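S.K.: Supplied in structure tokens, the structure appears directly below.
The values are calculated or read from the model by the stated rules, or taken from the named source; none is laboratory data. Note that the structure is predicted; figures quoted are calculated from it, not measured. Here the Cβ positions follow ideal geometry from the backbone for every residue, glycine too, while neighbour counts run over all protein chains shown. Surface accessibility is based on the protein's heavy atoms, side chains included, excluding ligands, DNA and RNA. Shrake-Rupley method; radii C 1.70, N 1.55, O 1.52, S 1.80 Å.
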Amino acid sequence: MKYIILITGIIAVTNLFGQEFKKIDYQVDFGTTFSIPYKKTIEIWTNIEGHPKTDYSSGFGYFFEFMISYNINTNLAIISGLNYNLNKFEIYDKIGLTESKGDLTSSYLHLPILINYSVSDKLPISISAGTYLEFLINAREKGTSYIDTAGFVFGDVPDPVIVAIEPVQDYNNDIKKNYKDFDFGLSVQLDYKLTLSDRLLCVVFSRFNYGLLDVITNDIQVNSSASKWKNYNLLIGIGLKL
């Protein structure tokens, strides 16, 4: 009789634990990306007047993702999923008598693998660290070029070829071939959970992605002067966790 009572007690405790502890969680997130330039200014042939010079500044893009958490215990989990992110830089480019202002965007399909650790059962804060692999979807340069056509005029008689040049020109170029097909790097994340119901959590988080690879192809230079580039970006998002 005592063994029956013991077994019954074990089964009851196991069922209770199974109800409170979920092995798998699902999460849908969205938010903004803040891209950090690998270099703020790149110049080449600096001994030549009017040499190529490009200034980069951070820009805001966006992302959305679907994540799955495998919970090892109440404090430790493995997180992975699928992320789409668009990164953006504002660029100012000057070569000779031509100035260009616009932006450079690149989009990736991003596959993260993170180890998540909850700091405390009482504090809804957790930290994650891991790695990622991402595949390039598209890359474009878009903006406006301003040409100082007055600088081309020599003598009193205007050259009809120079006169025909439009001083303001818009551009929208596909530069995907200038980038490698994939990138690899490290990620670290901090998140805060808000309980909405027994089965639903709101997660507010920030994640920093640190690219380890040079993503520019060896044979073509991007933006006139960049010959090496690594992707650094900060993601700030909000999500729902089931």
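S.K.: Quick check on my link table: of Lys122/Lys241; Lys53/Lys230; Lys88/Lys122; Lys180/Lys241; Lys53/Lys88, which ones sit more than 30 Å apart, alpha carbon to alpha carbon?
M.R.: Details: Lys122/Lys241 18 Å; Lys53/Lys230 19 Å; Lys88/Lys122 38 Å; Lys180/Lys241 34 Å; Lys53/Lys88 19 Å.
Exceeds cut-off: Lys88/Lys122; Lys180/Lys241.
S.K.: Check His51: other-chain or 5+ apart residues with amide H under 5 Å from its amide H, H built from backbone geometry?
M.R.: Gly96
S.K.: Right, another one. Mind ranking 69-75, 133-139, 206-212, 194-200 by how tightly packed they are, going by the mean number of other C-beta atoms within 10 angstrom, highest first?
M.R.: 206-212, 133-139, 69-75, 194-200
S.K.: Can you list residues from other chains, or at least 5 along the same chain, whose modelled amide H is less than 5 Å from the amide H of Leu213?
M.R.: Phe184, Asn231
S.K.: Turning to a different aspect of this structure: For the stretch 19-110, what is the accessible area per residue in Å² when the probe is 1.4 Å?
M.R.: That works out to 53 Å² per residue.
S.K.: How much net charge surrounds Pro52 when only the other residues with a Cβ under 14 Å from the Cβ of Pro52 are counted, with Lys and Arg +1 and Asp and Glu -1?
M.R.: Details: positive: Lys39, Lys53, Lys94; negative: Glu43, Glu49, Asp55, Asp93, Glu99.
Net charge around Pro52: -2.
S.K.: Okay, moving on. Taking θ = phi - 60°, what integer Hz values does the Karplus form 6.51 cos²θ - 1.76 cosθ + 1.60 yield along the stretch 129-140, in sequence order, with x for Gly and Pro?
M.R.: Computed from phi, the couplings for the stretch 129-140 are 8, x, 9, 8, 10, 9, 10, 5, 9, 7, 8, 9 Hz.
S.K.: For Thr105, what is the net charge nearby, where nearby means another residue's Cβ is under 10 Å from its Cβ and Lys, Arg count +1, Asp, Glu -1? Before the final figure, lay out the partial values.
M.R.: Working: positive: Lys88, Arg140, Lys142; negative: Asp103, Glu141.
Summing Lys and Arg as +1 and Asp and Glu as -1 gives +1.
S.K.: Determine ³J(HN,Hα), in whole Hz, for all residues of the stretch 66-71 in sequence, where each value follows from phi through the Karplus function 6.51 cos²θ - 1.76 cosθ + 1.60 and θ = phi - 60°; x replaces Gly and Pro.
M.R.: 10, 10, 10, 10, 9, 8
S.K.: Something else now. Could you work out how much longer the chain between Glu43 and Leu190 gets when fully extended? Use 0.36 nm per residue separation minus the Cα distance between them, nm to one decimal. Show your work: numbers first, answer last.
M.R.: Details: separation 147, 0.36 × 147 = 52.92 nm, distance 3.64 nm.
Result for the pair: 49.3 nm of gain on full extension.
S.K.: Give a residue-ordered list of calculated ³J(HN,Hα) values for the stretch 184-193 (Karplus: 6.51 cos²θ - 1.76 cosθ + 1.60, θ = phi - 60°; whole Hz; x for Gly, Pro).
M.R.: Values per residue, Gly and Pro as x: 9, x, 10, 9, 9, 9, 10, 9, 10, 9 Hz.
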